[in-house]
1. Do you know which of the residues in the stretch 6-25 that are among the aliphatic types (A, V, I, L, M) and under 12 Å from Ile59 (Cα atoms) is nearest to the chain's Cα centre (by Cα)?
2. Mind listing whichever residues of the stretch 51-65 are open to solvent by 60 Å² or more (accessible area, probe 1.4 Å), of a type in the set (A, V, I, L, M, F, W, C) and more than 23 Å from Lys88 (Cβ to Cβ)?
3. Please count how many residues of the stretch 13-31 are β-branched (Val, Ile, Thr) and either open to solvent by less than 30 Å² (accessible area, probe 1.4 Å) or under 30 Å from Gly77 (Cα atoms) (or both).
4. Does Phe67 qualify as being out of contact with any Phe, Trp or Tyr (no Cβ under 8 Å at 6 or more places or on another chain) and at pLDDT 95 or above?
5. Output the number of residues of the stretch 32-50 satisfying the condition of being open to solvent by 60 Å² or more (accessible area, probe 1.4 Å) and outside any loop (DSSP other than H, G, I, E, B).
6. So, in the stretch 66-98, of the ones that are in a loop (DSSP other than H, G, I, E, B) and surrounded by 15 or more Cβ atoms within 10 Å (Cβ to Cβ), which residue ends up farthest from the chain's Cα centre (by Cα)?
Amino acid sequence: MERYQEIERSIIKRFRKEIWCKFTKAIRDYKLIENKDKIMVCMSGGKDSFLMAKCFQEIKRHGKIEFEVYFVVMNPGYNEENLKQIKKNAKILNIPIE
């Protein structure tokens, strides 16, 4: 099993109550995603934006709503090394950033 697959599995299994259920409940309660929506997740490089990206990938894969999701890197002036690290982490997590 690839590293990203282990992480995806842990979001739904190990962190089901703490993360996954709250994420899906908020989407349902507030109707945050509707059919044909286009969603952009901005990747700042922090664990919160990476977790958000993985959650959106999972809901797209397992959900009943048809939508598109895009992942972009926010660059407020990172040095080249920081930007490389964000791209490296995205690749490890199988997040196709633009």
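1. So the residue we want is Ile11.
2. Listed by number, the list holds a single entry, Ile65.
3. Of the residues in that region, 2 qualify.
4. Here the answer is yes, as Phe67 does meet what is asked.
5. Narrowing the stretch 32-50 to residues open to solvent by 60 Å² or more (accessible area, probe 1.4 Å): 32, 34-36, 38, 40, 42, 47-48.
Next, from what is left, pick out any that are outside any loop (DSSP other than H, G, I, E, B): 38, 40, 42, 47-48.
Here the count works out to 5.
6. Tyr78
The values are calculated or read from the model by the stated rules, or taken from the named source; none is laboratory data. All values reported here derive from a predicted model rather than from experimental measurement. Note that each Cβ is placed from the backbone with ideal geometry, even for glycine, and that neighbours are counted across all protein chains shown. Side chains are part of the model used for accessible areas, which takes the heavy atoms of the whole protein and leaves out ligands, DNA and RNA. Shrake-Rupley method; radii C 1.70, N 1.55, O 1.52, S 1.80 Å.
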